[in-house]
Amino acid sequence: MPRPRIPSLNWLRVFEAAARAESFARAAQALNMSPPAVSQQIKALEAYLGRDLFTRGARQVTLTEAGLAFLPAVAQSLHTVELAAENLFDTPRREPLVVQASQMFGCSWLAPRLAGFRALEPDVQLTLTSGIASEDFLRPGPDLRITFGQPQALSEDGDALFGEILYPVSTPEIATEIRSAHDLARWPLIEIAIHRANWLTLLPPDGPDPQFLYTDTSVNAFALAASGQGIALARAPASDTLQAVYDLVPCLTGLSVGGVQSYALVYPARSALSRAALAFRTWLLAEADGMRGDGRISKPSTATE
């Protein structure tokens with residue numbers, strides 16, 4: 001016949017505390033109980049199990065072999081319950097914030113900096129989501145969006161962040177073979193939706209017709225370039241981290257073009273932003289000001305998307 005369940009799970013909590021403290025008195029103090037109550041609950045557990053768990057001494061108690069064998073299972077079970085309670089029920093006490101950014105901006109520029117925001121705002125439960133197509137940024141859900149596009153397309157409140165400078169990058173092996181802009185067409189030029197006009201600006205008008213390799217994101221373009229399959233366009237400063245991760249280098253020093261699109265933080269109305277969203281906005285604008293302050297990138301005149 002199967003043994004019935006332990007009548008009181010508090011017996012296990014008291015047993016674990018007494019085993020750690022090696023004293024019923026110290027366990028009672030930690031649990032805000034009286035020593036006789038601790039002793040009584042230990043005796044009840046021992047009676048249920050039919051084995052002594054402690055050897056009693058004048059000033060301390062020690063675990064028996066049965067107690068030593070039982071302790072790890074009890075400690076692990078209590079820890080699992082506490083961890084589940086924290087994960088399931090502690091989060092609502094932290095202020096939620098959902099931020100959406102383009103895939104490349106999120107993984108290359110934003111992610112390496114987020115530790116700074118999390119250190120400033122430890123009580124904010126931040127969720128970072130990504131978007132690729134423009135319609136991804138029209139779906140409800142995020143509190144803040146970091147968009148990319150033409151300045152005149154902005155239809156919500158927003159703050160301009162920065163634009164971009166584009167230049168061709170490749171593996172070091174390919175870069176050593178490129179001595180002029182004419183040489184770029186010797187390899188496939190990796191194009192995403194917004195790059196064709198930029199490529200044509202960088203290529204000499206009297207050069208050979210280029211071969212294009214198409215993809216939908218700069219992340220994919222960098223991955224293709226890193227595998228030696230062509231030349232991608234870096235989008236500084238947003239792509240700087242990604243370029244370093246893939247070990248891509250500029251193909252020609254000084255060959256670059258300023259992008260006509262830019263990044264912006266957008267939201268329905270500043271007055272409706274939560275405290276967490278306002279804190280993120282303040283932090284993000286300071287980070288963007290730091291990028292502009294070092295002279296590497298100019299501030300766009302208007303916000304985007």
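Using a Förster radius of 51 Å, what is the FRET efficiency between Glu95 and Asp183 based on their Cβ-Cβ separation? Nearest 0.05, please.
0.45
Would you give the gap between the C-alpha center of segment 262-289 and the C-alpha center of segment 74-125, rounded to a whole Å?
Distance between centres, Cα-based: 19 Å.
Keeping every protein chain in place, order Arg13, Arg281, Arg94 by accessible area at 1.4 Å, biggest value first, i.e. largest first.
Arg13, Arg94, Arg281
Using modelled backbone amide H atoms (1.01 Å from N, in-plane), which distant-in-sequence or interchain residues come within less than 5 Å of Glu191's amide H?
Leu213, Tyr214, Thr215
Enumerate the helices in the chain for which the Kyte-Doolittle hydropathy averages -0.5 or more and the C-alpha atoms extend at least 24 Å along the helix's axis, using complete DSSP H runs.
Span-like helices, by this rule, are 65-89, 275-293.
Mind ranking Thr253, Thr129 by accessible surface for me, highest first, 1.4 Å probe?
Ranked list, largest accessible area first: Thr253, Thr129.
Please turn the phi angles of segment 252-262 into ³J(HN,Hα) values with the Karplus equation 6.51 cos²θ - 1.76 cosθ + 1.60 (θ = phi - 60°), one per residue in order, whole Hz, x for glycine and proline.
Result, ordered by residue: 9, 5, x, 8, 7, 9, x, x, 8, 9, 8 Hz.
I want to check the label-to-label distance for Ser130 and Tyr48. Put each point 7 Å from Cα in the C-beta direction and report it in nm to one decimal.
About 5.0 nm, to one decimal.
Ignoring ligands, DNA and RNA, how do Tyr263, Tyr167 rank by accessible area with a 1.4 Å probe, largest first?
From most accessible down to least: Tyr167, Tyr263.
Using just the helices of the chain, give the 222 nm mean residue ellipticity in deg cm²/dmol: DSSP H runs with n ≥ 4 each add -39,500 (n - 2.57), and the total is spread over all residues, rounded to 500.
After summing the helix terms and dividing by residue count, I get -11000 deg cm²/dmol.
What residues qualify as long-range amide H neighbours of Ala101, i.e. H under 5 Å apart, gap of 5 or more or another chain, H built at 1.01 Å from N?
Residues meeting the criterion, in which the H sits 1.01 Å from N, are Thr129, Ser130, Gly131, Ile146.
What's the center-to-center distance, using Cα atoms, between segment 1-50 and segment 196-238 in Å?
69
The values are calculated or read from the model by the stated rules, or taken from the named source; none is laboratory data. Since the model is a prediction, treat every value here as computed from it, not as a measurement. Counting neighbours? That spans all protein chains shown, and the Cβs are built from the backbone with ideal geometry, glycine included. All accessible areas refer to the heavy atoms of the entire protein, side chains included, with ligands and DNA or RNA removed. Shrake-Rupley method; radii C 1.70, N 1.55, O 1.52, S 1.80 Å.
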